[in-house]
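Let me begin by presenting the structure, written as structure tokens, before commenting on it.
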Amino acid sequence: MPPKRASVAEAGLGKKPPLPAPTRVRVAVRLRPYISREDEGKEGPCVRGTGDRSLEILNWRNRMETMSYHFDAFYGETSSQLEVYTGSVKPVLSHLLSGQNTSVFAYGPTGAGKTHTMLGGAEEPGVIPRAVRDVFQMVREQSGLPASQEWEHSVSMSYLEIYNEKVLDLLEPRDLDLPIREDKDKNILIPGLTQRAIGSFSEFESHFLPASHNRTVASTKLNTRSSRSHTVLVIRVVKSQRSPPFRQLTGKLYLIDLAGSEDNRRTGNQGIRLKESGAINSSLFVLSKVVDSLNQGLARVPYRDSKLTRLLQDSLGGSAHSVMITNIAPEQKYYFDTLTALNFAARSKQVVNKPFTRETLQAADLKRQREESAPNENAPKKRAKQSHDRAADVTVSPTAHSPPMEVCDPSVLERLLTLEKMMMGTPEKERLKLLRTVQESRQEIKKLKEKQKELEEQALAAQSLLAESRKAASLPSASDEPQDLFMNHKHPSLLRKTSTAKPKKQQAIVSPLQVLPVLPLTHAIVSCKAEQMKMKSHVPEGKENWENWETRLDSSVLQKSRDRILSLLNTGTLKELKGLQRIGDKKAKLIIGWREINGAFTQVEDLQKIEGISEKLLVSFLKANILSTIVL
């Protein structure tokens, strides 16, 4: 059974947890080594470090001046992977075993060394392999402590990429855009994302290395292996208690390698590369808007404007301990990219997060705990459990002759269940008060049962009256006047005859009084549903068999129309495609783009492979174009 969030009283802690202490996003800047062949004008570097936390860059308005920046850490051209990791990343990993989230992401222009910082190589491993290795080391060290014998740890991983605003699984590659959801506790979830348990670093490598080859990369003029997508590696550490109250602490480590912003005039991107670059720059622009909104304290933060910011919602302004490593390049041709990255890093440094501990209790363990402790509880607690059992019996036994009553009100049962849970860890004085509340709830249930019994008797009386009225209605009538079912109680004025001639007037015809049977609620619901199904099954004249329109056409005419449409899809220009029914400017451009990448359409049904064209839209498209051809 999946764990659910537990209150303080359910956990038996006896006091409220402290409020989360705000923490600022830590920002580190790493300067890539100067590459002479990248400096076409031989102008030298445009940025240099002035200390362990500061650097300066030339002022593009006046090259005789410089602009200074101060961050949490600055790593120069000679800094190693180990220095970056131990100085900025390792200090925040300890929060994982306390049930808090941690996020580390690399930001910067293309070609500045983000992927090298996160992955590294065989001789100089980057942040990701070092962090995962240290996570297993911390788990082993804590498991060996005497105080941690009652706890067990489990580690799992997930790996995804955001490519052209689509969330794709890298552990099990599928051409499926995974949705991003948010639960009631504001946690970001991705249903359908593969999660694999790992017990060691070697097991992690066996999953991570093949999945890394599934990431989308391509060559540009600025980078021979340019990342065309954002990747997110999630390491989930669960710390579970073996004994009551069966607490569970869950911490997640997000390791994010962002794709770099690109200037298409310098990268030479065309076709599909240009589309990828547009998606990357768009998501990074939304990321900048999110940071500005958080710093300005706006009521609405545009997290939902991009898949990237939706996933980073916990890292920026959320509940994670966040570290941003900004990678920059020293060459003059990267000047404006470097300046933009430094300005974004300076704004991100002002973002404040509020981390908190994620502690849950497993429902199955709570149930086992109640069953084991039930024989040792005192008599009042047993009476409270009996009242809960009686209430449960009432809810599952509705009568067959009357509709459900207030005794089935879920609010009463929910209150009883909540009281029973709270009694597990409540002091003696409060427990007595809760028992009195349980007694009052029991009295309320008793009154509701009496009211239900009274209404059952009324329903039986109505049924007996109905039987008598049916017998009276079956007797033959001796007069043409309207008859009442209760014939012995006619008013005398109805029996009086007058001889005075009166003008004839049109009289209304009054049907005999009928007493309808009082049917159970379930019977009424079934009858209502039957009527609705009957109404839905009725098809107006001229509309029958409309869904089977293809069977009503000649096969040769139908095939000729489909061939004409297929020919237009493969050879038609933008204007000709827009002339088709149900095809606008956007879908016409998507058809041409798909055709350039994947070749000609083999059949009309291949349109479903294009984003935004569903099966329902395809059927409507075929119907509109084929019928319009026949009419013409």
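The values are calculated or read from the model by the stated rules, or taken from the named source; none is laboratory data. Keep in mind that what you see is a predicted model, and the values were worked out from it rather than measured. Methodologically, a virtual Cβ is constructed for each residue, glycine included, from the backbone with ideal geometry; neighbour enumeration extends over all protein chains shown. Just so you know, the surface numbers come from the protein's heavy atoms only, side chains and all, with ligands and any DNA or RNA stripped out. Shrake-Rupley method; radii C 1.70, N 1.55, O 1.52, S 1.80 Å.
General observations
- Residue match in the range 570-587 (condition: closer than 23 Å to ASP554 by Cα and either of a type outside the set (D, E, K, R) or at pLDDT below 85 (or both)): yes
- Qualifying residue in the range 106-117 (condition: closer than 29 Å to ILE235 by Cβ, in contact with an Asp or Glu (Cβ under 9 Å, 6 or more places away or on another chain), aromatic (Phe, Trp, Tyr) and crowded, with 21+ Cβ neighbours inside 10 Å): no
- The condition of being modelled with pLDDT of 85 or more, assigned to a loop (DSSP other than H, G, I, E, B) and of a type in the set (Ser, Thr, Tyr) holds for only one of THR194, THR220, THR224, that being THR194.
- Residue within the range 159-175 that is touching a residue at least 60 places away in the same chain (Cβ under 8 Å), over 24 Å from the mean Cα position of the chain (by Cα), open to solvent by 30 Å² or more (accessible area, probe 1.4 Å) and farther than 25 Å from LYS354 by Cα present: no
- Inside the range 134-161, residues that are at pLDDT below 90 and among the acidic types (Asp, Glu) make up a count of 3.
- Matching option when the condition is surrounded by 15 or more Cβ atoms within 10 Å (Cβ to Cβ) and not in a loop (DSSP other than H, G, I, E, B), among LEU627, LEU622, LEU580: LEU622
- Number of the exception - GLU38 against (1) modelled with pLDDT of 80 or more; (2) within 20 Å of ASN327 (Cβ to Cβ); (3) charged (D, E, K, R): (1)
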